[in-house]
Amino acid sequence: MTVPPPRPKLKTSFKKSRAITPLYTSGPVAVSVDGSKLFTTVADEVICTDVTSGNEICRFAGDTQSVLSLCVSPSTEYIVVFTTSSALKVYNIPKDNLAAKPVQPIRVIARAHDSPVHVCKIDPTSTYLASGAADGVVKVWDIARGYVTHAFKGHGGVVSALTFNYPRDNSSVTQNRTFQLITASNDTRIRIFDLMARSAGGAKPEAVLEGHVSVPRGLDISADGRWLVSGGRDSVVLIWDLATKQSETKKSSKDKGKHKAQGPILFKTIPIMERVEAVGILRDEDSLATSSSSMRLKFFTAGQQGIVKIWDAQEGQVLFTLGTPQVDGEDAEEQRQILDAMYIESTSTIVSVHGDQNILFFSLTTRSLSRQCIGYNDEIVDACFLSPEASTSSSKPSARDTHIALATNSSLIRVYNNTTLDARLLSGHSEIVLCLDRSSSGNLLASGSKDRTARIWAPSKPSTNEADFVYGCVGVCEGHAESIGALSMSRAGGTTNNEDPRFMFTGSQDRTIKMWDLTPISQVFTPSDNDNDDDGSPAVLRCKSLTTHKAHDKDINSLDVAPNNRFLASGSQDRTAKVFEIEFIPGREGRPPRGELKLLGICKGHKRGVWTVRFSRHERLLATGSGDKTIKLWSLDDWSCVKTFEGHTNSVLRVDFINAGMQLVSSASDGLVKLWNVKDEECTATMDNHEDKVWALAISSDDRTIVSGAADSVVTFWEDCTEEEEVEKEAKRTDQVLKEQEFMNYLSLNDYRKAIQLAIIMEQPGRLYKLFKEVHSNSDPETVSPLTGHSSVDEVIKTLGGSDLAKLLRFVRAWNANAKSSEVAQTILYSIVKLRSAEDVMSAFGDEMKEEAFITEGLVTQPGGGKAIGGSALKELIDGLVPYTERHLARIEKLVQESYMIDYILGEMDDGMFDNQVDGAMDVDE
């Protein structure tokens, strides 16, 4: 007799493990010298991100003003930010990962320039900062002291580029120390300023270089300080020789009386054939000058075409390119163009910032894309887990759900690595992608778009240099007359045990459902063969439509195939969900495959459109979510509604089964994700991390991870923490029982000190009140007793620690608010006032404020971020004690006055006040 497997436990809690939030919206970008930290701008804040893990390290507080420029010191000690209000802010970059609170600036200069600052740079020694403004003024700042050391005027327009000339090796150029600032502006001229000259001569440029006919956007200088490379929007790169002066080369020319200023000469002009936005010299052994007369430089350019080009300066030719050009139109070209590029010498990496808010890391060693950071995902429409490493025979848990695919308000599909958050973009659709689905094994991805097509994507690893899998399109489904808003691939566990999808259904705004044959794709695509593919892009197959069925009267919002591949469910805006029987006959012996749909039943009962449908994987049930804010469970036997779940305050957009069908997960337009128990029809957990409609919901294969994506561009990973919470609760309960037993033992031994301290630690004012009440009631009022009724309790209050004394006063304030417990409260308060000085009480609240529990709760934060004190807490305590104490005093005084009246009446009765009246009454009776 086989023993049935144990029934899984109900999940009761999920916690946020990580989130994909907007990383970069617009503005400047900087990278630390070691390449480990990325600094980006989101609205008015600067975000520091760990490049390896993709986790946010910290945020630098803003002031509602947009960031125009920023730079990081080579020592990774400072980050300097200029805002639209021309304010200069200097921050210390934290050494540890502090993501709790925004980092405040250590120095703020409200009006650093008279106009906005668009470029800034810190010198190699991390001592000086150069900033160029829109009015043509360049200032050099001492970062540590915060004052201006130089101010250069005379630029004919906006300052467009800056760089410092601080040679690492002066022996190859000159024996004198060189420290120069090189600037470029909108007047197309490049100026060289000597920072070591006196203020009188330092205000004028040492040389003015003319050669560009448009704005120079990039400047860089070789390590030996001899070669200057400048690139501009005139589509050329100029190489300047700073060692050779102009006067030395023109001695033989005829001088017609006009004095020619000495300066560097233009050594070479290299046409780039695109607008250059960034240029830099590569620091390797081949790029250094081997002699004073030869030039062996390699440099990179980036700009209009959206690719990074590596050039040989001597030959003037492109050595290789990084990235793929986009020539799909003017709009696409504007989005993909590179706005800025940076070279990281320590890791031999070039970082490019694109107009579509993406940041790409290219490895010069492997000449490939090593990492991609997506700055802004816009509205998340759909999501699903992927397993590109999982084959049809693989069952390793580590190979499952390693990636997540996102459909956003874009024609590009985002595929993230769940561990590193490294992303790849899948291009193929011409309009917005609306829906996603995956195969049972998780290695194939299907997408539907507004371009009226559906595509099948397969993973590939075309080169050993690639850091991650790249998905390529292997199949296209064309035939719908309107956009495709829903699709579903066949499941595993049908007549065969094969996990490869054999067919797929698509639902469209044309109100039809199409069935597509995926057998050719399953036969062609195998992960093992695709890994060895040279180009990594298998041939795109045209999928055949097997049947077209007019299903609903309005748009089709959702489709789902049953786990046994026998049924198809559809949800529509016509407020109904329909269930069809699937008949699929694969092609054999030259016969084409056949497929049909037969309507079995209609689920009616929702008052608004049905947004989502999902089959249970263990029972004959269908779950639907509707715009009427409810979730309904339908029986597949008689199409009746068996359960209704109510709790969302807006339209239910996604629903799915987890935990062997015993629980449901739903997301809605109210920004919440809810976990439901199917048996009890109760919501057991609510997950809140979104501010807009939660369109996307994905469940991992082991049901331990839930991914939710919303219209607020936030993707949240929720991890099951039910077992951890149970263990934590059990540990707390055990500890509580032990402490309660210790408390009773201390009371029996009359060890009041430990009993009081333990009650304060356990935060049980009720037990402490009973202890004080018992001590006070047992005291003899006829004799001179201790203040509290027992000398040991008096001694405890006299020597109680600072934070414990503050907590005891808080308990007294709570007791004092009730007339029944006010007597004990006033007794303890009187004892504290008599036995402790005012300085002890004030220092007690200061000690309490230093505890970590109060710091984490945010009770000690001050606007200036200074050190917290306990004065405000003490004032709050006194404000709570005084009114009730005055009320108790008035009540006691009234009782005392009433007691005098009783004494008077009793005294008069003793003196015979009522005797005459009594005697008179007796006479009348007689």
Task: Residue list for the stretch 537-578, restricted to those being under 16 Å from L621 (Cβ atoms), part of a loop (DSSP other than H, G, I, E, B) and of a type in the set (A, V, I, L, M, F, W, C) - done: A562
- [ ] Give just the number: which of (1) aliphatic (A, V, I, L, M); (2) more than 16 Å from L633 (Cβ to Cβ); (3) in contact (Cβ under 8 Å) with a residue 24 or more places away in the chain does V579 not satisfy?
- [x] (2)
Task: Count - residues of the stretch 728-753 that are at pLDDT 85 or above and on the phi > 0 side of the Ramachandran plot - done: 0
Open item on the list: Filter the stretch 440-455 down to the residues that are farther than 19 Å from I699 by Cβ and either over 28 Å from the mean Cα position of the chain (by Cα) or not in a strand (DSSP E or B) (or both) and list them by number.
Closed with: K450, D451, R452, T453, A454, R455
Task: Any helices (runs of 4 or more DSSP H) falling wholly within the stretch 814-892 and containing at least 3 residues that are modelled with pLDDT of 60 or more, more than 23 Å from G789 (Cβ to Cβ) and assigned by TED's automatic domain parsing to the domain that holds H776 - done: 838-849
- [ ] Working carefully through the options L829, L768, find the one that is in contact with a helix residue (DSSP H, G or I) (Cβ under 7 Å, 6 or more places away or on another chain) and crowded, with 21+ Cβ neighbours inside 10 Å.
- [x] L768
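Evaluate the stretch 806-814: report whether one residue or more is touching a Ser or Thr at 6+ places or on another chain (Cβ under 9 Å) and β-branched (V, I, T).
Within the stretch 806-814, not a single residue is touching a Ser or Thr at 6+ places or on another chain (Cβ under 9 Å) and β-branched (V, I, T).
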Task: Residue count for the stretch 425-465, restricted to those that are in contact (Cβ under 8 Å) with a residue 40 or more places away in the chain, under 30 Å from D50 (Cα atoms) and of a type in the set (G, A, S) - done: 4
TODO: Mind telling me which of the residues L288, L238 ends up being at pLDDT below 85 and either in a strand (DSSP E or B) or within 42 Å of the chain's Cα centre (by Cα) (or both)?
DONE: L288
- [ ] Among the residues of the stretch 44-61, write down those that are in a loop (DSSP other than H, G, I, E, B), more than 13 Å from the chain's Cα centre (by Cα) and buried (at least 20 other Cβ atoms within 10 Å of the Cβ).
- [x] V51
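For S651, are the conditions met, namely being surrounded by fewer than 23 Cβ atoms within 10 Å (Cβ to Cβ), among the small types (G, A, S) and within 29 Å of the chain's Cα centre (by Cα)?
yes
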Task: Answer from T64, T41, T76 - the residue that is buried (at least 21 other Cβ atoms within 10 Å of the Cβ) and assigned by TED's automatic domain parsing to the domain that holds P124 - done: T41
- [ ] Report yes if some residue within the stretch 247-256 is at pLDDT 90 or above and either touching a Phe, Trp or Tyr at 6+ places or on another chain (Cβ under 6 Å) or assigned to a helix (DSSP H, G or I) (or both); otherwise report no.
- [x] no
Task: In the stretch 425-439, the residues that are within 17 Å of A710 (Cα to Cα) and outside any strand (DSSP E or B) - done: I432
Open item on the list: Can you tell me which of (1) over 25 Å from V215 (Cα atoms); (2) at pLDDT 90 or above; (3) out of contact with any strand residue (DSSP E or B) (no Cβ under 7 Å at 6 or more places or on another chain) is the one Y128 doesn't meet?
Closed with: (3)
TODO: Within the stretch 608-632, track down each residue that is surrounded by 21 or more Cβ atoms within 10 Å (Cβ to Cβ) and aliphatic (A, V, I, L, M).
DONE: V610, V613, L622, A623, I631
- [ ] Could you figure out which of (1) surrounded by 18 or more Cβ atoms within 10 Å (Cβ to Cβ); (2) closer than 23 Å to T420 by Cβ; (3) not aliphatic (A, V, I, L, M) isn't true of S17?
- [x] (1)
Open item on the list: So, in the stretch 26-38, how many residues would count as being β-branched (V, I, T) and either buried (at least 18 other Cβ atoms within 10 Å of the Cβ) or without any contact (Cβ under 8 Å) to a residue 24 or more places away in the chain (or both)?
Closed with: 2
Open item on the list: Kindly evaluate P94 against the criterion of being out of contact with any Gly (no Cβ under 7 Å at 6 or more places or on another chain), at pLDDT below 95 and not small (G, A, S).
Closed with: yes
Task: Check on D422, of a type in the set (D, E, K, R) and over 27 Å from C48 (Cβ atoms) - done: no
Open item on the list: For the stretch 20-43, which positions are within 17 Å of L421 (Cα to Cα) and either part of a strand (DSSP E or B) or in contact with a Pro (Cβ under 8 Å, 6 or more places away or on another chain) (or both)?
Closed with: I20, K37, L38, F39, T40
Task: So R575, is it surrounded by fewer than 22 Cβ atoms within 10 Å (Cβ to Cβ) and modelled with pLDDT of 90 or more - done: yes
TODO: Go through A446, A390, A407, A454 for me and flag whichever is modelled with pLDDT under 90 and crowded, with 23+ Cβ neighbours inside 10 Å.
DONE: A390
Open item on the list: Between P105, P94, which is part of a loop (DSSP other than H, G, I, E, B) and surrounded by 18 or more Cβ atoms within 10 Å (Cβ to Cβ)?
Closed with: P105
TODO: State yes or no: is A755 without any contact (Cβ under 8 Å) to a residue 24 or more places away in the chain, crowded, with 19+ Cβ neighbours inside 10 Å, part of a helix (DSSP H, G or I) and out of contact with any Ser or Thr (no Cβ under 9 Å at 6 or more places or on another chain)?
DONE: yes
Task: Unmet requirement for G54, which otherwise passes all of (1) free of Cβ contacts under 8 Å to residues at least 40 places away in the same chain; (2) within 27 Å of D378 (Cβ to Cβ) - done: (1)
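The values are calculated or read from the model by the stated rules, or taken from the named source; none is laboratory data. Source: prediction; values computed, not measured. Methodologically, a virtual Cβ is constructed for each residue, glycine included, from the backbone with ideal geometry; neighbour enumeration extends over all protein chains shown.
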